[in-house]
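Novice: Before I ask anything, let me first share the structure, which is written out below as structure tokens.
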Amino acid sequence: MTKNLICINCPRGCNLEVDTETLTVKGNSCIKGKDYGISEVTHPKRMVTSTMPVLNSKKILVSVKTSSPINKEDIFNVIKEINKKKVSAPIKIGDILISNVCNSGINIVATSNAEEK
Amino acid sequence: MNKEKHDLIIIGGGPAGIAAAISANKAGIKDILIIERDNILGGILNQCIHNGFGLHRFKEELTGPEYAGRYVELLKETKVKVLSNTMVTSLNAKKEITAINSKGVNHLLGKAIILAMGCRERSRGAISIPGDRVAGVITAGAAQRYCNIDGYLVGKKVVILGSGDIGLITARRLTLEGAKVLAVVEICPYSNGLNRNIVQCLNDFDIPLYLSHTVSNIKANKNHTRVEEVIISKVDENKNIIPNTEISFKCDTLLLSVGLIPENELSIKAGIILDPRTKGALVSNNLETSVEGIFACGNVLQVHDLVDNVSLEGERAGISAANYIKEGNKKSKGIKLEVGENLLYLCPQIIKPSSVVDSTPIFFRVKKPLDNCKINIIINNEIVSSINKIKLIPSEMQSVNIRKDMLKGAKNIKIEVIKK
């Protein structure tokens, strides 16, 4: 099967054609395009960012992210876990708010501070 | 009238204003005040919770609040004062400021002023969309703020007009929070967002992008309380609507991501000359406006794509303001830059050769996507530098450096982009 992708490495945005069985990439202009094409059809990963309600603070929400990119198919499962959780101030940037989310080995960490009320 | 006096007053505590304060402080200015209308510093970064910030500045990908946080920490190491929850309502050419907060009206006076007020979104009125005028039509950035700061989802079935990065990022964010984004509609035949955002915000979630389309009608529900239907139509090469090409979307919300305008009401009050192309102040290479001692940086000067560039511009403004405070105004002759073929604008608009140390950056955008082209710097009608480019697009700001040695005997300077 072939998959059509747009390369995201530079503004040129090459239209890639990736053969998912042989892992050959057509349409790329450089090595970055080839690497991107292969990783997108074999193990695509994404950073997920969202918010969590924060109690005991002037703020309503604290922003969060995955500590590193997670598998693309897990995006909505991770969001579901984040949406179940409420946290309490004080929160500092980098605090781990959920560890090992969806058994991925990846944590959900705070990306903003929330001081106590 | 009693006026609170400071060496440097910076209007706006977003990325441009904070960077300006830190660099002016480093350059030896001790008495600096930042005036910020929100209750925290960081400006628009606080609602930009997605990642991708700081790749140039910090060599890692941060979210907006993290990027702001880094700068706030650096600011804490200085003695820069911050007046938050305070709105500047007027500024004049004598560098007098009126600002309002819960304590009342404050009168301030700066030896130098830096404008760092950022920009605002173009709204429905700016692009004259026909149809019913009801609730449910708001800008993408406002929807982002409601979602990420205040905790409200603005709609359940959403159409987005404009494929700039704010629109794309909001499309993904609302999708993750449970809304259904039915379409992103773009009047140009090409997207105005980064490829990365097209892929990771639209394609990842199967959100269709309609190029060469625009909204041709907005219909209200029966009680005339809320949007019920948005109709889009195809446009021709002149962006005129082609009849009988309508596509209808049943939805409750239309988000607008149709461009940003520098927020220059204060600059106009101070008599600062604006450039009709950038809609920001006309500045020389040290970022000084047409009013002596008032400098501008960040999105109030020109709308940027990358916060890293905003910070760099803020730093440059901070250094220039520090030099002005220490040494006073050095009157020197400036050369007005000529905006050449295929360019939307140039910023700065004026170069003062005597103030260039090694080189000075000139920023610009192209009018339309161009393949295989070159950027020419033309001084006294001679090409002094030519840079080849495989592709230039309007949504990516470009820059060239003009070196001091190029400026020897310069009478006119032009920058252009031409096809090879």
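The values are calculated or read from the model by the stated rules, or taken from the named source; none is laboratory data. Note that the coordinates shown come from a computational prediction; the quantities given were computed from them, not determined experimentally. Using ideal geometry, Cβ is built from the backbone for each residue, glycine included, and neighbour counts are taken over all protein chains shown. To get the accessible areas, we keep the full protein, side chains included, count just its heavy atoms, and leave off ligands, DNA and RNA. Shrake-Rupley method; radii C 1.70, N 1.55, O 1.52, S 1.80 Å.
Novice: Leaving out ligands and nucleic acids, note down the accessible area per residue over region A:49-110 with a 1.4 angstrom probe, in whole Å². Kindly include the intermediate steps, with their values, before the conclusion.
Specialist: Working: 3080 Å² over 62 residues.
Each residue of region A:49-110 exposes 50 Å² on average to a 1.4 Å probe.
Novice: Here is a follow-up. Obtain the nm distance between the two label points defined at B:Ile383 and A:Asn56 by a simple spin-label model: each point lies 7 Å from its Cα along the Cα-to-C-beta direction.
Specialist: About 6.7 nm, to one decimal.
Novice: Heavy atoms of the protein only, probe of 1.4 Å, neighbouring chains included. What is the accessible area of B:Glu396 in Å², nearest 10?
Specialist: Accessible area of B:Glu396: about 40 Å².
Novice: Hey, another quick one. Among B:Leu108, B:Thr139, B:Gly69, which residue has its Cα positioned farthest towards the positive end of the charge dipole of region B:48-144, with +1 placed on the Cβ of Lys and Arg, -1 on the Cβ of Asp and Glu, and the dipole taken about the Cα centre?
Specialist: In region B:48-144, that residue is B:Leu108.
Novice: Would you mind classifying region B:123-258 by shape? Square roots of the alpha carbon gyration tensor eigenvalues, ordered a ≥ b ≥ c; an a/c under 1.5 is rounded, otherwise it is prolate if a/b is larger than b/c and oblate if not. Numbers along the way, then the final one.
Specialist: On the way: a/c = 1.69, a/b = 1.08, b/c = 1.56.
The shape class here is oblate.
Novice: Compute for chains A and B the buried accessible surface, both sides summed, probe 1.4 Å, and express it in Å² to the nearest 100.
Specialist: Chain pair A/B: roughly 2300 Å² of buried accessible area.
Novice: According to the square roots a ≥ b ≥ c of the eigenvalues of the Cα gyration tensor, what is the shape class of chain A, taking rounded for a/c under 1.5, prolate for a/b larger than b/c otherwise, and oblate for the remainder?
Specialist: Numbers: a/c = 3.79, a/b = 2.60, b/c = 1.46.
Taking the square roots of the gyration eigenvalues as a ≥ b ≥ c, chain A is prolate.
Novice: Out of residues 5 or more away from B:Ile114 or on other chains, whose amide H comes under 5 Å of its own, with H placed 1.01 Å from N in the peptide plane?
Specialist: B:Ile9, B:Ile10, B:Ile11, B:Phe295
Novice: Treat each spin label as a single point 7 Å out from the Cα along the C-beta direction, and report the B:Asn92 to A:Lys26 distance in nm.
Specialist: With each label point 7 Å from Cα toward Cβ, the separation is 7.1 nm.
Novice: Right, another one. Tell me which residues come under 5 Å, amide H to amide H, from A:Lys45 once H is placed; ignore anything under 5 positions away on its chain.
Specialist: A:Lys72
Novice: To the nearest 10 Å², what's B:Glu228's accessible area with a 1.4 Å probe?
Specialist: Rounded to the nearest 10, the figure is 80 Å².
Novice: Using a Förster distance of 25 Å, how high is the FRET efficiency between B:Asn372 and B:Lys411, based on the Cβ-Cβ distance and rounded to 0.05? If you can, show how the numbers build up before the last one.
Specialist: Details: r = 31 Å, r/R0 = 1.25.
The value I calculate is 0.20.
Novice: Through the Karplus equation 6.51 cos²θ - 1.76 cosθ + 1.60, θ set to phi - 60°, convert the phi angles of region B:156-173 into ³J(HN,Hα) values in whole Hz; use x for Gly and Pro.
Specialist: In residue order, the calculated couplings are 10, 10, 10, 10, 10, 9, x, 10, x, 4, 5, x, 5, 5, 5, 4, 5, 4 Hz.
Novice: Return the sequence-ordered ³J(HN,Hα) values of region B:145-155 in whole Hz as given by the Karplus equation 6.51 cos²θ - 1.76 cosθ + 1.60 applied to θ = phi - 60°, using x for Gly and Pro.
Specialist: 5, 4, 6, 8, 10, 9, x, 10, 8, 6, x
Novice: I need the shape label for chain B. Rule: rounded when a/c is under 1.5, else prolate if a/b > b/c, else oblate, with a, b, c from the alpha carbon gyration tensor.
Specialist: Here chain B falls in the oblate category.
Novice: In addition: Quick one: putting +1 on the C-beta of Lys and Arg, -1 on the C-beta of Asp and Glu, what dipole do you get for chain B around its Cα centre, in Debye to the nearest 20?
Specialist: Details: 55 positive and 43 negative charges, 180 e Å.
Approximately 860 debye in magnitude.
Novice: Where does chain B land at 222 nm, in deg cm²/dmol rounded to the nearest 500, when only DSSP H runs of n ≥ 4 count, each adding -39500 (n - 2.57), divided by all residues? Numbers along the way, then the final one.
Specialist: Numbers: 7 runs with 73 residues, N = 420.
My calculation for chain B gives -5000 deg cm²/dmol from helical runs alone.
Novice: Would you work out the charge dipole size for region B:123-258 about its Cα centre, treating the Cβ of every Lys and Arg as +1 and the Cβ of every Asp and Glu as -1, and quote it to the nearest 20 debye?
Specialist: Values: 15 positive and 13 negative charges, 64 e Å.
Around 300 debye, computed over region B:123-258.
Novice: Heavy atoms only, probe 1.4 angstrom, no DNA, RNA or ligands counted: give me B:Asp405, A:Asp74, B:Asp308 ranked by accessible area, highest first. Show your work: numbers first, answer last.
Specialist: Values: B:Asp405 95, A:Asp74 40, B:Asp308 10 Å².
Greatest to least solvent exposure: B:Asp405, A:Asp74, B:Asp308.
Novice: Give the relative contact order (percent, whole number) for chain B; include only Cα pairs under 8 Å separated by 6+ residues. Each step should come with its number before you reach the end.
Specialist: Values: 1033 pairs, mean separation 65.7, N = 420.
Here the relative contact order equals 16 percent.
Novice: What accessible area, in Å² to the nearest ten, does a 1.4 Å probe give for B:Val310?
Specialist: 10
Novice: How high is the relative contact order of region B:154-236, in percent, counting Cα pairs under 8 Å that sit 6 or more residues apart?
Specialist: Once divided by the residue count of region B:154-236, the mean separation gives 27 percent.
Novice: Give me D for region A:26-92 in µm² s⁻¹, whole number, from Stokes-Einstein with Rh from the Kirkwood sum over alpha-carbon pairs, 20 °C and 1.002 mPa s.
Specialist: Numbers: Rh = 14.2 Å.
Estimated diffusion coefficient is 150 µm²/s.
Novice: Right, next: From the phi angles alone, apply the Karplus equation (6.51, -1.76, 1.60; θ = phi - 60°) to region B:355-362 and give each ³J(HN,Hα) in whole Hz, x where the residue is Gly or Pro.
Specialist: Residue by residue, region B:355-362 yields 9, 7, 7, 10, 7, 9, x, 10 Hz.
Novice: Still on this model: Whose amide H sits under 5 Å from the amide H of B:Ile335, counting only residues 5 or more places off or on another chain, with H placed in the peptide plane?
Specialist: Result for B:Ile335 returns B:Ile351, B:Lys352.
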